[in-house]
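The values are calculated or read from the model by the stated rules, or taken from the named source; none is laboratory data. Quantities reported herein were computed from a predicted structural model and do not represent experimental measurements. Here the Cβ is made from the backbone with ideal geometry for all residues, glycine too, and neighbour counts use every protein chain on show.
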Amino acid sequence: MNESQAAKSAKPDYRTPIGRARGLGSAKSGTGHFWWQRVTAIVLALLVPWLVGTLVSFVGADLGTVQATLAVPLNAILLAAFVLALFWHAKLGMQVVIEDYVHARALEVTLQLVVTFACVFGALASLYAIARIALLA
């Protein structure tokens, strides 16, 4: 027995017997999902104070002031980044909830599609609104 075979046999195999027979293991996608969830959370944590400050500054402001503020390129870009991170984070979070708690395969697939389409639609509608305000103000 060479060293690599000895190292392999030394690792415990925690799969079930049926999983071992089928050769099932990690799908190798969980780590990427985990990291993107954290990255979007960090982006949101950094942008929420800016958004709250901007919204508080609108108290008592008229529509023209709000449009002029959102038409500033930096504000429009930050708002677009917030929207993208928000919908991506929501999609990832809902995906995990559906995978964990919905056990009927057809319902799970249907819900995943609904969540994906809703998040894409919400993000596109939000980006369109931001672009209209920023470019037409």
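So, in region 72-103, how many residues would count as being at pLDDT below 95 and over 21 Å from the mean Cα position of the chain (by Cα)? So the answer is 1.
Evaluate the following for Trp88: is it touching a residue at least 40 places away in the same chain (Cβ under 8 Å), part of a helix (DSSP H, G or I) and more than 29 Å from Leu135 (Cα to Cα)? Considered against the rule, which asks whether it is touching a residue at least 40 places away in the same chain (Cβ under 8 Å), part of a helix (DSSP H, G or I) and more than 29 Å from Leu135 (Cα to Cα), Trp88 comes out as no. If the condition is being within 17 Å of Ile130 (Cα to Cα) and not in a helix (DSSP H, G or I), then region 43-85 contributes Phe58, Val72.
Looking at region 121-130, can you tell me whether even one residue there is aromatic (Phe, Trp, Tyr) and touching a residue at least 12 places away in the same chain (Cβ under 8 Å)?
Just the residues of region 121-130 that are aromatic (Phe, Trp, Tyr), to begin with: 121, 128.
Subset that is touching a residue at least 12 places away in the same chain (Cβ under 8 Å): none.
No, there is no match, as no residue in region 121-130 is aromatic (Phe, Trp, Tyr) and touching a residue at least 12 places away in the same chain (Cβ under 8 Å).
The listed residues are Leu135, Leu92, Leu111, and the only one of them that is out of contact with any Lys or Arg (no Cβ under 6 Å at 6 or more places or on another chain) and surrounded by fewer than 16 Cβ atoms within 10 Å (Cβ to Cβ) turns out to be Leu135.
Identify the residue in region 114-132 that is exposed (fewer than 14 other Cβ atoms within 10 Å of the Cβ) and of a type in the set (A, V, I, L, M) and, among all such residues, is nearest to the chain's Cα centre (by Cα). So the residue we want is Val120.
Surrounded by fewer than 14 Cβ atoms within 10 Å (Cβ to Cβ) and charged (D, E, K, R), is that true of Glu99? So Glu99 fits the description; yes.
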